[in-house]
Structure formats: structure tokens, C-alpha cells
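A.B. asks: Below is a structure I'd like to ask you about.
The values are calculated or read from the model by the stated rules, or taken from the named source; none is laboratory data. Just so it is clear, the model here is predicted, and its values are computed rather than measured. Note that each Cβ is placed from the backbone with ideal geometry, even for glycine, and that neighbours are counted across all protein chains shown. For accessibility, only protein heavy atoms count, side chains too; no ligands or nucleic acids. Shrake-Rupley method; radii C 1.70, N 1.55, O 1.52, S 1.80 Å.
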Amino acid sequence: MSTTDAESTSTRPDPARTEVESVTIRFCGDSGDGMQLTGEQMTYTSALGGKDLATFPDYPAEIRAPAGSLPGVSAFQLQFSSFDIRTPGDAPSVLVAMNPAALKTNIEDLEEGGWLIVDEDAFTKTNLQKASYEKSPLEDGSLAAYRVVKLPITELTKNAVEGTGLSTKQSVRCKNFLTLGILYFLYDKDPEPTLQWLTKKFASKPELIEANTRALKAGYNYGRTIELFTSHYTMKRAKLEPGTYRRLSGNEAAAIGFVAASVLSGKPLFYGSYPITPASDILHFLARYKNYGVKTFQAEDEIAAVTASIGAAFSGALGLTGSSGPGVALKQEAIGLAVMTELPLVIANVQRAGPSTGMPTKTEQADLFQSIVGRNGECPVAVVAPATPGECFHYAIEAFRLAVEHMIPVFWLSDGYLANGSEPYRIPAIEDLPKINVHTRTDPEGFKPYARGENGQGPDSLTRPWAIPGTPGLEHRIGGIEKSDIDGNVCYDPMNHQHMTDLRQAKVDRIAENIPDAEVFGEEKGKVLVVGWGSTYGAITSAVEQLQNEGKSISAVHLRYLNPFPKNLGTLLSNFETVLVPELNNGQLLFFLRAKFLVPARGVNKVQGKPFRVGELRAVFEEALGA
Amino acid sequence: MHDTVRTTEGTNGDAAKLTRKDFVSDQEVRWCPGCGDYSILATMQRLMPQLGHKKEDVVFVSGIGCSSRFPYYMNTYGFHSIHGRAPSVATGVKLANPNLSVWVITGDGDGLSIGGNHLLHVMRRKLDVNIILFNNRIYGLTKGQYSPTSEFGKKTKSSPFGALDYPLNPIKIAISAEATWIGRSIDVDAKHLSEMITAMDQHRGVALLEVYQNCNIFNDHAFEDFVNRKVRADRTVHLEDGKPIVFGADNDKGIRLNADGLPEVVDIGKDGPTDDLLVHNAANPNAGVAFTLSEMGFPEFPVPIGVFRSIERPTYDRLVTDQIAEATERQGAGQLEKLLHAADTWTVE
């Protein structure tokens with residue numbers, strides 16, 4: 001606590017401090033209550049305090065659902081910890097509910113005995129009705145399992161900001177900062193970074209700086225002076241690897257990663273996209289990076305977005321298109337065109353829940369089938385999937401490395417949970433980033449558009465040359481009609497079609513020579529192997545680690561390469577008695593593992609629009625271990 | 001200069017020495033004998049050396065349909081893409097390298113039906129590309145269904161009792177989307193077609209040329225009523241910029257607008273003074289007159305041929321390039337190191 005004002009207004013000694021290892025807090029309120037901002041500030045402050053952390057924003061699809069209504073509830077959960085953590089936590093130990101609707105939709109998740117902090121001023125008759133409460137839950141004994149802290153947050157806020165010239169409505173909107181102040185006190189956070197952030201954010205509106213500063217400090221002091229909290233919490237610093245850190249969300253990591261791929265390959269990035277939740281942020285970030293030569297094209301539809309990116313790839317750019325499942329469905333014919341024309345293309349899919357429109361703001365991993373087999377004809381592509389928000393950076397580079405080195409479309413699969421979640425990210429040194437070997441053809445001598453081995457022998461000996469318009473002597477025609485190998489002319493010959501089909505598959509298979517083996521978390525042989533992919537990494541690894549610490553024979557493999565699989569995967573699978581495959585779908589990776597390796601793997605599946613909890617996975621793993 | 005803008009020097013880079021043969025690919029042309037596409041291809045191949053582009057800087061992009069085979073027959077860069085999407089593929093090609101001369105070849109089905117959205121948007125963005133829309137008012141490659149430009153009531157395989165769809169007029173679409181150059185020509189009039197292709201190539205902006213093209217298999221004589229040599233002069237009218245709109249074998253008829261702003265045919269010399277003939281102004285900032293002309297059709301009126309509109313606007317590719325240049329000027333060339341650190345950072349020791 002470095003603000004002297006706050007110190008000086010307090011005369012009481014600090015209550016006893018309890019040291020804790022990790023805390024999971026969920027802020028929930030009306031979507032207009034500023035819960036995302038509150039969560040983000042708590043995250044930022046925790047990160048600066050040297051805590052490891054993971055976050056999970058959960059917001060409604062409606063931009064402004066009616067105030068106080070159940071669909072309008074927005075929540076932000078974060079876990080911060082003094083040890084390495086991988087998930088935003090299972091059940092929150094602290095729930096901050098700003099109104100009855102928020103209470104109703106979130107109370108079930110609060111752990112028994114956990115803290116419930118509510119704004120009692122918001123529990124009016126109207127708000128209770130909107131949340132379908134007949135009686136106030138604050139008075140009917142239904143919350144007996146929790147430690148309930150009723151605070152007049154609205155009233156306190158009004159008092160705190162009185163005299164700053166704000167209207168009543170504006171004053172009330174500062175209540176998230178008052179709440180944040182209370183939490184800062186409770187968890188021993190320094191309010192200074194947030195105060196500085198306020199100064200920057202509202203530079204042109206001094207009255208808002210003043211009001212929010214007062215609210216934050218008032219909350220902090222209120223936490224200190226009231227005797228409701230018998231103790232407050234302090235935490236050791238987490239043991240993170242040395243280095244320079246920043247907070248990074250999956251979508252921002254992706255955007256920076258794609259720019260990095262452009263820098264590393266020396267090819268300009270072209271991003272064709274159509275706005276869609278939860279992928280739009282990638283477009284927003286990339287649109288800002290013009291001075292990196294990035295061209296963003298907000299297309300008229302998903303098909304225009306992907307086909308423009310294919311056109312740009314033909315013209316020698318790194319062609320990137322991004323969307324979520326429904327948009328990718330529209331792009332599939334064009335992705336087939338990129339397969340046929342053997343052009344480098346990356347398709348970023350930030351997956352969301354459900355078929356059709358589904359649940360746009362909720363997470364799921366159900367587009368793996370779509371990526372691998374979702375097109376007409378035999379149409380193989382490569383698929384990579386980052387496991388953490390930070391890995392979204394690395395696998396953005398990796399997707400383009402494979403696309404360019406193998407002249408092939410590559411799917412990059414993220415999801416809503418990675419996209420909006422964030423973690424402390426150790427910034428890599430530029431020289432540690434992978435190389436991207438680009439071979440563009442310039443020599444007209446003996447040029448054939450579908451000749452092979454242009455990029456040398458070895459892993460990429462099946463690729464055709466990248467021959468870019470503007471290069472003299474390489475004029476040629478490509479297209480979606482079947483082509484004869486080598487000369488690339490339209491060809492309906494039956495044996496050529498067989499040959500080209502096999503060749504396109506071989507190109508994808510060959511990628512296995514150009515990617516690392518799968519790593520095992522734990523022993524390489526044993527009783528249970530858990531195989532996962534994508535954003536379930538944190539929950540799976542945490543559950544496996546807990547059981548390993550108890551001496552159980554359980555290991556985990558988390559796949560970043562889903563097509564083709566790493567070369568050692570088959571052997572690893574055969575080294576264990578039981579293979580479990582947790583996925584936020586009905587068994588898509590499971591399907592491929594069973595088909596390819598003939599292993600009796602079992603699925604652990606959840607399709608609720610929510611990530612796995614460590615606890616629920618642990619229970620399934622224990623059962624498989626026979627414990 | 002931006003890094004994607006390449007300058008090309010090379011063995012065949014000397015555009016002046018190129019001939020028709022240089023633009024003919026080694027692929028056998030596979031349209032039906034007698035198809036109108038042949039004459040358009042021949043005109044393009046003959047004209048290309050005169051347009052002055054280096055061969056390697058020319059890209060033909062097409063969708064799907066008979067006309068979309070066109071790129072295979074041009075010995076330039078070519079991309080035969082998927083149904084309806086040529087305008088968006090071309091958008092990527094052109095944005096990635098604005099130095100290229102990009103041509104979109106499409107048809108009435110490809111451009112106005114499945115790809116209508118892309119055609120609309122490439123025109124409103126004013127990307128500097130040349131779009132040639134082969135309008136034969138029929139689906140040829142799928143063997144004879146009615147198209148979005150087929151006349152109401154047309155009997156085809158998929159409309160044995162007559163089509164119930166009203167046709168689209170590509171020129172009206174182009175005017176509404178504010179294409180900066182809009183023209184119309186006829187497959188059998190090689191001279192006029194050459195003039196139009198030359199003009200659209202010289203235009204900086206999005207150019208749409210509708211070519212009436214005869215499908216002798218599924219819609220033969222679709223335009224015969226006014227393109228037949230015997231009647232063409234009386235049943236078509238050439239729009240010539242800055243000149244009164246006159247037509248007829250003896251130039252004895254003209255077009256004027258009546259008091260209601262509607263066009264009417266004037267017999268020059270018979271209908272009194274002719275100083276009120278409509279003088280064509282392709283650069284007219286108001287699109288109204290061009291729209292009125294686009295509504296003229298046989299048999300009430302002669303069918304207008306020529307440039308309906310030619311206006312100046314900044315092109316989309318230019319604006320994209322400029323915005324990048326300005327951002328780079330203002331912020332300096334991007335450095336990855338900086339981007340990675342562009343957030344609040346902290347150090348763990």
C-alpha cells in the first residue's frame with residue numbers, strides 16, 4: 001500500500017494476516033457494472049505483485065441485456081497464486097455479486113464456506129423480481145453455507161464521490177472501483193498501479209479520475225475499518241522463471257505471433273476476416289499494426305475473407321484468415337481450393353460452443369472434425385493447437401512455418417477460453433524464435449508450377465515452388481480443377497487423380513518429420529495416460545500432477561499437433577494400460593486416436609460451454625486408476 | 001516504397017517487344033465451337049501487347065463457368081478460383097501487390113448469382129481491377145438453366161413453364177455500387193470491344209465491362225435482335241463522351257430527355273430542331289443520366305453500347321498502401337521486440 005492518503009485516514013492496526021497459497025475470486029454483476037474491468041485490474045495488480053495467475057472472463061452474448069436481468073450477468077474469474085497455476089480455478093472461494101441476478105446465476109459455484117460479498121443496496125424489490133426471487137436470499141437463510149458479507153456498496157460509493165460533480169448515475173457507476181478497493185485490502189494488493197491506470201485512462205476527464213480514485217480508496221479503507229473481515233490475506237511471490245513478463249491474452253498473443261511470422265519469414269502479413277465472436281479481437285489487434293506492413297481486410301463475408309487471403313498468398317503474402325466455427329464452415333470450399341493450388345494459408349479458428357450460432361461467448365473444442373475432415377473430397381490439411389494463452393503466440397508462428405515450408409493450408413485452433421483468458425507471459429528473445437524457411441522461385445529456367453522438391457530434399461521435398469506474380473518467366477495458371485503433377489495443367493486422367501490425391505496426403509504426412517515428438521508429463525510407461533489438446537491443458541495437467549504427487553501411476557500428453565500426429569505418439573499410447581482423452585466435445589480426438597492407433601482409449605467429455613474443472617477430471621482419473 | 005511493391009526487370013520484361021503470341025498459352029481452348037468466348041479471348045490476346053503491361057505483371061482471375069476457363073488460355077499469371085469468388089481472390093492478389101494489372105473474368109451466373117455479394121463489394125470499394133462480365137443470359141457449363149439475367153418467362157431445362165425470376169441489369173448494379181468505370185460491348189464487335197478493353201485498362205479504379213456474349217448451344221441468338229449486322233446500327237447506340245447521342249445507319253436518330261426526364265427517340269431533321277439531343281457525359285458526378293441510359297433496351301430503344309460512366313475516385317489499393325505508409329511514417333517501421341514489450345511488463349529475477 002503506497003498511497004499515503006489511504007494510510008493516513010486509517011487509525012486501526014491491520015487485522016491479522018493469513019498467508020494463503022492461492023485464491024479464486026469471481027466478480028459478477030450486471031453487464032453495465034464494469035465487472036470485466038474490475039477483474040482485469042485485479043489481474044494486472046496481482047501480476048505486478050509477482051503472482052502467477054490465470055483468468056476466465058465469462059460475459060453474455062447480448063451487448064446490453066436489460067439491466068438487472070439474468071441474461072445480462074457478466075462475470076470475471078481469476079485465480080492468483082504463489083505457485084505455478086494453470087487454470088483460473090474451479091470453485092471460487094470469493095464471490096462478489098453486485099445484484100440479485102448475479103447472485104442467482106453464480107452462487108452455485110461458490111465453494112462451501114466461501115466468502116460472498118454482495119451490494120445489499122442492489123437487492124431492491126424490482127431487482128429481486130427481475131432475478132425471479134420471491135424473497136430476498138439475503139434474509140431467507142438460503143445462504144447459510146457461505147460467509148455472507150452484506151455491504152451498502154452503492155450508498156458508500158455515492159458518499160465517496162460526492163462533490164466531484166458527477167451525476168447520481170455516473171456516481172453509482174464507480175461502485176466497481178469501491179468494490180475493488182475492498183478486495184485490494186482483503187488480498188493485500190497495492191492500489192497504486194490501478195490509480196496510475198485511472199490517470200492514463202481518463203486523462204481528458206479529471207472528474208472521473210477523481211471520483212474513481214476516491215471510490216477505490218474509500219473501498220480500501222472501508223475494508224480496513226469495518227470489522228467484518230476477521231483476517232485478510234497475503235501471499236508469497238510465485239516462483240516464476242526469471243525473465244521479463246507481461247500479461248497476455250490468447251487473441252493478442254495470436255495477433256503478435258502472426259506478425260512475428262511475417263517478420264521471421266520476410267513476407268508481409270495479409271489478414272482477411274469478417275467480425276465474429278470470439279475471434280474479432282485478432283482483427284482489432286492486427287488492424288493496429290499497420291507499421292509492420294500488416295494489411296487487414298474486413299471482408300463482406302467469411303468466403304471473401306478466406307478467398308482474399310488465398311489471393312494474397314498467390315501474390316506472395318502470408319495469407320491468414322480467422323474466424324470461429326460458423327465462419328470456418330463457410331470457408332471450407334475455399335480451403336479446398338488452397339489445398340488444390342498448394343498455397344500457404346493459415347486458418348485461425350477461435351472455437352465457440354455449439355453447432356449453428358450455438359453459444360457464441362462460451363468455449364468448446366468441437367471443431368476438430370471440421371478442421372481435419374470438414375471439406376469435400378480427399379482434402380487433407382495440417383492442424384496445430386496452442387494449449388495456453390501464451391502458446392497462441394508460438395503456434396501462430398509454427399502454423400505459418402508449416403504452411404510456407406510445405407505449401408499447404410494449416411489450421412490453428414484456439415477457443416474462447418484461450419482467446420479471452422490471460423496469463424503472465426515470459427517474453428521470448430527474438431533470437432530464440434523459430435526460423436521460417438521461405439523459398440520463392442525466381443529462376444525461369446526449367447520452371448514447372450507443380451514440380452516437387454523446390455525447397456530442397458528432406459521434409460519439404462514434396463512441396464511445389466512458390467512462384468509469385470510479378471516474377472518474369474514464371475507465368476503460370478493454377479486453380480481448383482485437378483492438375484497434372486509437375487506441369488500443373490488441367491487433367492482428368494484417372495491415374496493422375498489417384499497420384500495427386502496420394503501426393504496431397506503425403507505432403508501432410510511428411511510434416512511429421514518437421515515437428516517435435518510429443519512430450520510426456522510424468523513417466524513414459526505406466527497405468528494411465530491422459531491425452532488432451534488445446535485449452536484443457538491447465539485442468540488436465542493440474543489434476544494429473546496432484547495424483548502424481550500422491551504417488552499414482554499417471555502421465556499426460558498434451559498434443560499441439562493434431563494432424564499429422566507426432567511420430568512417437570503411437571508408441572506412447574501403447575505404453576499405458578489405460579488411455580483417457582478429456583475433451584470439451586463428444587470425443588473427436590478420441591475418434592482419431594482410436595482409428596489411427598487401434599487403442600481402446602476412453603473419452604472424458606463435457607459440452608456445457610464451460611472449461612473442465614480440475615476436481616471433476618481428478619475424480620475421473622482416480623476412478624481409472626482404481627483408487 | 002512499401003515492401004510488397006516489387007519492381008520487375010527481366011528477360012521478357014520489355015513490354016514493347018511483346019506480340020499476340022506471347023500471350024497465348026499452350027493449352028487447347030475447350031469452348032464449344034462457335035461460342036462467343038472465342039472472339040473475346042482473341043481480342044484480349046491481340047490487344048495485350050498494346051496495353052503495355054509486362055507479361056509477368058498481368059494476372060487473370062476467374063470464378064466458375066464457361067467464361068472462367070479464360071485464364072488457362074492467357075500466357076500470364078492466372079487463377080481459376082471457385083464459383084463466384086473471383087472478385088475477392090482478385091482483391092487479395094491486388095492488395096498484396098498493387099503493381100499488378102489484375103483482370104477478373106466472370107459470367108452472369110458467377111458474378112451476379114453466387115458471387116453477387118463479392119461483385120457488389122469490390123465495386124463499392126473501388127479496387128483498381130478490370131472486371132469483364134460475359135453475359136450470355138444462361139447457365140452454360142451446367143447445361144442450360146436460366147440465369148439471373150435471363151428474361152422473365154424464359155423456358156429452360158429448370159424452368160419448363162417459364163422462369164418466374166425478374167432479370168438483373170449488371171449496368172444498374174454497377175451504377176448503384178458506384179463502380180468508377182462502367183461499360184458495355186458485344187462479343188462480335190471486335191473493334192468496339194478493343195476500344196472498351198483499352199479504356200478500362202487505362203482507367204484507375206474499378207472497371208466493369210458487360211459483354212453480350214452468345215451461347216450458341218443453350219441460348220443461341222439471345223442478342224440477335226440488335227447485334228445482327230443488318231440491324232445493329234439502328235438498334236444499338238454508341239455512347240461517346242462529350243457527343244450528342246445519335247444512332248442509325250445514317251446517324252439520323254438521336255436520344256433526348258423529355259420534360260419528365262425520360263428518354264425519347266428523335267428523328268433528326270423530322271422532329272424539329274435537334275439542339276436538345278442528350279450529350280453524353282461519362283464523368284457526370286450525378287449518376288442519374290447514366291442510370292436512365294442503362295434502362296434503355298430493345299425494342300423500345302436502341303441498346304446503349306460504350307462507356308456509361310467514368311469517374312475519378314481514390315482506389316482502394318492506393319488507400320490501403322497509403323495508410324500503411326502514413327502509419328510507418330508516424331510510428332516508424334515496426335519492430336517485433338517493441339511489439340512484444342508493448343504492455344506493462346515486470347521482471348522476475
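A.B. asks: Go through segment B:55-98 and give me each residue that's in a loop (DSSP other than H, G, I, E, B), at the interface with chain A (Cβ under 7 Å from one of its Cβ atoms) and in contact (Cβ under 8 Å) with a residue 40 or more places away in the chain.
C.D. replies: B:Asn75, B:Thr76, B:Asn97
A.B. asks: Tell me yes or no: at least one residue of segment A:328-342 is part of a loop (DSSP other than H, G, I, E, B) and either surrounded by fewer than 23 Cβ atoms within 10 Å (Cβ to Cβ) or in contact with a strand residue (DSSP E or B) (Cβ under 8 Å, 6 or more places away or on another chain) (or both).
C.D. replies: So far as segment A:328-342 goes, yes, one or more of its residues are part of a loop (DSSP other than H, G, I, E, B) and either surrounded by fewer than 23 Cβ atoms within 10 Å (Cβ to Cβ) or in contact with a strand residue (DSSP E or B) (Cβ under 8 Å, 6 or more places away or on another chain) (or both).
A.B. asks: Can you name the condition, by its number, that B:Leu51 falls short on among (1) under 16 Å from B:Val102 (Cα atoms); (2) in contact (Cβ under 8 Å) with a residue 60 or more places away in the chain; (3) within 13 Å of chain A (Cβ to nearest Cβ)?
C.D. replies: Every listed condition holds for B:Leu51 apart from (3).
A.B. asks: Can you tell me which residues in segment A:527-557 are part of a strand (DSSP E or B) and open to solvent by 20 Å² or more (accessible area, probe 1.4 Å)?
C.D. replies: A:Lys527
A.B. asks: Next up: At pLDDT 95 or above and crowded, with 20+ Cβ neighbours inside 10 Å: does that describe A:Leu503?
C.D. replies: No, not satisfied.
A.B. asks: Let me ask something else. Taking the conditions exactly as written (open to solvent by 10 Å² or more (accessible area, probe 1.4 Å), of a type in the set (Asp, Glu), out of contact with any Cys (no Cβ under 6 Å at 6 or more places or on another chain) and more than 10 Å from chain A (Cβ to nearest Cβ)), does B:Asp128 satisfy them or not?
C.D. replies: Yes, satisfied.
A.B. asks: At least 3 residues that are farther than 30 Å from A:Pro206 by Cβ in each: list the helices (runs of 4 or more DSSP H) lying fully within segment A:123-187 that qualify.
C.D. replies: Ranges flagged: A:125-130.
A.B. asks: Here's another thing I want to ask about it. I need a count of the residues in segment A:472-488 that are closer than 24 Å to B:Gly92 by Cβ, more than 40 Å from the chain's Cα centre (by Cα) and either of a type in the set (D, E, K, R) or open to solvent by 10 Å² or more (accessible area, probe 1.4 Å) (or both).
C.D. replies: Residues meeting the conditions: 3.
A.B. asks: Still on this structure, please answer the following. If you check B:Gly261, B:Gly297, B:Gly269, which single one turns out to be open to solvent by 50 Å² or more (accessible area, probe 1.4 Å), assigned to a loop (DSSP other than H, G, I, E, B) and out of contact with any Asp or Glu (no Cβ under 6 Å at 6 or more places or on another chain)?
C.D. replies: Every option except B:Gly269 fails the conditions.
A.B. asks: Being among the hydroxyl-bearing types (Ser, Thr, Tyr), modelled with pLDDT under 75 and either open to solvent by 20 Å² or more (accessible area, probe 1.4 Å) or in contact with a strand residue (DSSP E or B) (Cβ under 7 Å, 6 or more places away or on another chain) (or both), is that true of even one residue in segment A:19-39?
C.D. replies: No: segment A:19-39 contains no residue that is among the hydroxyl-bearing types (Ser, Thr, Tyr), modelled with pLDDT under 75 and either open to solvent by 20 Å² or more (accessible area, probe 1.4 Å) or in contact with a strand residue (DSSP E or B) (Cβ under 7 Å, 6 or more places away or on another chain) (or both).
A.B. asks: Here's another thing I want to ask about it. Among A:Arg224, A:Arg214, which is of a type in the set (D, E, K, R), modelled with pLDDT under 90 and not in a loop (DSSP other than H, G, I, E, B)?
C.D. replies: One residue alone meets the criteria, A:Arg224.
A.B. asks: Mind checking which residues of segment B:300-321 are open to solvent by less than 20 Å² (accessible area, probe 1.4 Å) and part of a loop (DSSP other than H, G, I, E, B)?
C.D. replies: Answer for segment B:300-321, where residues must be open to solvent by less than 20 Å² (accessible area, probe 1.4 Å) and part of a loop (DSSP other than H, G, I, E, B): B:Pro302, B:Ile311, B:Thr315.
A.B. asks: Taking into account only those residues within segment B:326-348 that are farther than 16 Å from A:Ala429 by Cα and open to solvent by 60 Å² or more (accessible area, probe 1.4 Å), which is nearest to the other protein chains (Cβ to nearest Cβ)?
C.D. replies: Here the residue is B:Gln331.
A.B. asks: Still on this model: Going through segment A:576-592 one residue at a time, which ones are in a strand (DSSP E or B) and touching a residue at least 60 places away in the same chain (Cβ under 8 Å)?
C.D. replies: A:Glu583
A.B. asks: Please work out which one of (1) open to solvent by 10 Å² or more (accessible area, probe 1.4 Å); (2) at negative phi; (3) modelled with pLDDT of 95 or more; (4) not in a helix (DSSP H, G or I) is the condition B:Arg137 fails and give its number.
C.D. replies: So the condition that B:Arg137 fails would be (2).
A.B. asks: If A:Gly293 satisfies all but one of (1) more than 7 Å from every other protein chain (Cβ to nearest Cβ); (2) open to solvent by less than 10 Å² (accessible area, probe 1.4 Å), what's the number of the condition it fails?
C.D. replies: Only one criterion is unmet by A:Gly293, namely (1).
A.B. asks: Oh, and also: List every residue pair whose Cβ atoms sit under 8 Å apart, with the two residues 6 or more apart in sequence or on different chains, where the first one lies in segment A:473-502 and is more than 7 Å from chain B (Cβ to nearest Cβ) and part of a helix (DSSP H, G or I) and the second, anywhere, is loosely packed, with under 15 Cβ neighbours inside 10 Å and acidic (Asp, Glu).
C.D. replies: From segment A:473-502, the pairs are A:Thr501/A:Glu378.
A.B. asks: Quick one: in segment B:176-192, of everything that is in a helix (DSSP H, G or I) and either among the acidic types (Asp, Glu) or out of contact with any His (no Cβ under 9 Å at 6 or more places or on another chain) (or both), which residue is surrounded by the fewest Cβ atoms within 10 Å (Cβ to Cβ)?
C.D. replies: Here the answer is B:Lys191.
A.B. asks: For residues in segment A:111-140 being β-branched (Val, Ile, Thr) and open to solvent by 30 Å² or more (accessible area, probe 1.4 Å), which is nearest to A:Val23 (Cα to Cα)?
C.D. replies: Filtering first and then ranking leaves A:Thr124.
A.B. asks: Does A:Phe597 satisfy the criteria of being farther than 25 Å from A:Asp509 by Cα and not aliphatic (A, V, I, L, M)?
C.D. replies: It is false that A:Phe597 is farther than 25 Å from A:Asp509 by Cα and not aliphatic (A, V, I, L, M).
A.B. asks: Within segment B:155-175, how many residues are of a type in the set (A, V, I, L, M, F, W, C), open to solvent by less than 10 Å² (accessible area, probe 1.4 Å) and without any contact (Cβ under 8 Å) to a residue 24 or more places away in the chain?
C.D. replies: Number satisfying all stated conditions: 1.
A.B. asks: In the list A:Gly587, A:Gly603, A:Gly615, which residue meets the criterion of being on the phi > 0 side of the Ramachandran plot and open to solvent by less than 50 Å² (accessible area, probe 1.4 Å)?
C.D. replies: Exactly one residue qualifies, and that residue is A:Gly587.
A.B. asks: Just name the residue that is nearest to the other protein chains (Cβ to nearest Cβ) out of those in segment A:263-282 that are assigned to a helix (DSSP H, G or I) and open to solvent by 10 Å² or more (accessible area, probe 1.4 Å).
C.D. replies: Ranking the candidates gives A:Val263 first.
A.B. asks: Mind checking whether some residue in segment A:141-154 is within 14 Å of another protein chain (Cβ to nearest Cβ), open to solvent by 70 Å² or more (accessible area, probe 1.4 Å) and of a type outside the set (Phe, Trp, Tyr)?
C.D. replies: Scanning segment A:141-154 turns up no residue that is within 14 Å of another protein chain (Cβ to nearest Cβ), open to solvent by 70 Å² or more (accessible area, probe 1.4 Å) and of a type outside the set (Phe, Trp, Tyr).
A.B. asks: Would you check which residues across segment A:560-584 are surrounded by fewer than 19 Cβ atoms within 10 Å (Cβ to Cβ) and not polar (S, T, N, Q) and list them?
C.D. replies: Hits for segment A:560-584 are A:Pro566, A:Lys567, A:Gly570, A:Glu577.
A.B. asks: So, one more: So which of A:Tyr492, A:Tyr450 ends up being aromatic (Phe, Trp, Tyr) and surrounded by fewer than 17 Cβ atoms within 10 Å (Cβ to Cβ)?
C.D. replies: Going through A:Tyr492, A:Tyr450 in turn, the sole match is A:Tyr492.
A.B. asks: Taking into account only those residues within segment A:344-398 that are in contact with a Pro (Cβ under 8 Å, 6 or more places away or on another chain), open to solvent by less than 10 Å² (accessible area, probe 1.4 Å) and β-branched (Val, Ile, Thr), which is farthest from A:Leu462 (Cα to Cα)?
C.D. replies: Here the answer is A:Thr363.
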